[in-house]
Amino acid sequence: MPSDQQRILARAAREITAGQIVNLGIGLPTRLFHYLPPDLEVLVHSENGVLGCQLIDNGAEADPEMIDSGGAYIGTRPGASVFDSALSFAMIRRRRVGITFMGAFEVDRQGNLANWKIPGKFSPGIGGAMELAQKVERLVVLCSHNDKHGNPKILEHCRLPLTAPRCVSLIITEKAAMRVTHSGLEVVDIAEDLSVDALRAATGAELIIDESRLGRF
């Protein structure tokens, strides 16, 4: 039985297609490196200034100047480029990045994203999330369906400060994959061991579910 995070990451990897430039946000999204098929031709972008990131080869020594958005050491694939952060963000602003994966504190049925600050708690700053959320063609949120107290993270309306409005394309949790549409949140896949009623009970927003077309993961 896969863990919740493994289920999320395996489902998220299905959203990546050959030829894309992919950005992986801090936290869970950076672990998508482990789920990319070795023969899938993609370029992983880091807003720090790298295009062509990959995991460090086994036995290779880490370069202290090569880190991802979360500060973890990374390697580079053949043909990778290294540049300053101004050029890196110019790539984002010119919409050269095809898909980005981010974590979230809250997401709502309109695709609004809150992932940078909880009032009253320390925040290191908004980082590159605001730029990515506004400019990247597809934003996929990877997060747990509920917080540690059991409260839903998928809501009718976000309550925390927004990173960006109406920016999320798809939400993937351990319970479901939900597409953001003009009509609301459409469930495209549901966890193998979960009922539709249980999913609705765990969610703080109305869900659109067509059981005849529902996938499992």
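The values are calculated or read from the model by the stated rules, or taken from the named source; none is laboratory data. Every value quoted in this text rests on a predicted model; they were computed, and no experiment measured them. Cβ sites come from the backbone with ideal geometry, for glycine too, and all protein chains shown count toward neighbours. Please note that ligands, DNA and RNA were not included when accessible areas were found on the heavy atoms of the full protein model with its side chains. Shrake-Rupley method; radii C 1.70, N 1.55, O 1.52, S 1.80 Å.
On the given criteria, is Pro161 more than 24 Å from His45 (Cβ to Cβ), touching a Leu at 6+ places or on another chain (Cβ under 9 Å) and not in a helix (DSSP H, G or I)? It is false that Pro161 is more than 24 Å from His45 (Cβ to Cβ), touching a Leu at 6+ places or on another chain (Cβ under 9 Å) and not in a helix (DSSP H, G or I). Note on the stretch 1-56: enclosed strands (runs of 3 or more DSSP E) holding 2 or more residues that are within 14 Å of the chain's Cα centre (by Cα) and buried (at least 18 other Cβ atoms within 10 Å of the Cβ) are 21-24, 43-46.
Given (1) within 28 Å of Cys158 (Cα to Cα); (2) without any contact (Cβ under 8 Å) to a residue 60 or more places away in the chain; (3) in contact with a strand residue (DSSP E or B) (Cβ under 8 Å, 6 or more places away or on another chain), identify the lone condition not met by Lys117. Only one criterion in (1) within 28 Å of Cys158 (Cα to Cα); (2) without any contact (Cβ under 8 Å) to a residue 60 or more places away in the chain; (3) in contact with a strand residue (DSSP E or B) (Cβ under 8 Å, 6 or more places away or on another chain) is unmet by Lys117, namely (3). For Leu139, state whether it is touching a residue at least 12 places away in the same chain (Cβ under 8 Å) and touching a Cys at 6+ places or on another chain (Cβ under 6 Å). Answer is yes for this residue. Strands (runs of 3 or more DSSP E) fully within the stretch 170-217 that include at least 1 residues being open to solvent by 90 Å² or more (accessible area, probe 1.4 Å): 176-181.
Here Leu55 clears all of (1) without any contact (Cβ under 8 Å) to a residue 24 or more places away in the chain; (2) within 19 Å of Gly128 (Cβ to Cβ) except the condition numbered (2). Can you find, within the stretch 70-90, the residue that is nearest to Pro124 (Cα to Cα) among those that are exposed (fewer than 12 other Cβ atoms within 10 Å of the Cβ) and either at pLDDT below 90 or among the acidic types (Asp, Glu) (or both)? This residue is Gly71. Applying the criterion of at least 1 residues that are open to solvent by 30 Å² or more (accessible area, probe 1.4 Å) to the strands (runs of 3 or more DSSP E) found wholly in the stretch 91-157 leaves 138-142. Any chance the stretch 78-85 includes a residue that's in contact with a Leu (Cβ under 6 Å, 6 or more places away or on another chain), at negative phi and of a type in the set (Phe, Trp, Tyr)? No, because not a single residue in the stretch 78-85 is in contact with a Leu (Cβ under 6 Å, 6 or more places away or on another chain), at negative phi and of a type in the set (Phe, Trp, Tyr). Scanning the stretch 57-69 for residues that are exposed (fewer than 13 other Cβ atoms within 10 Å of the Cβ) and among the small types (Gly, Ala, Ser) gives Gly59, Ala60, Ala62.
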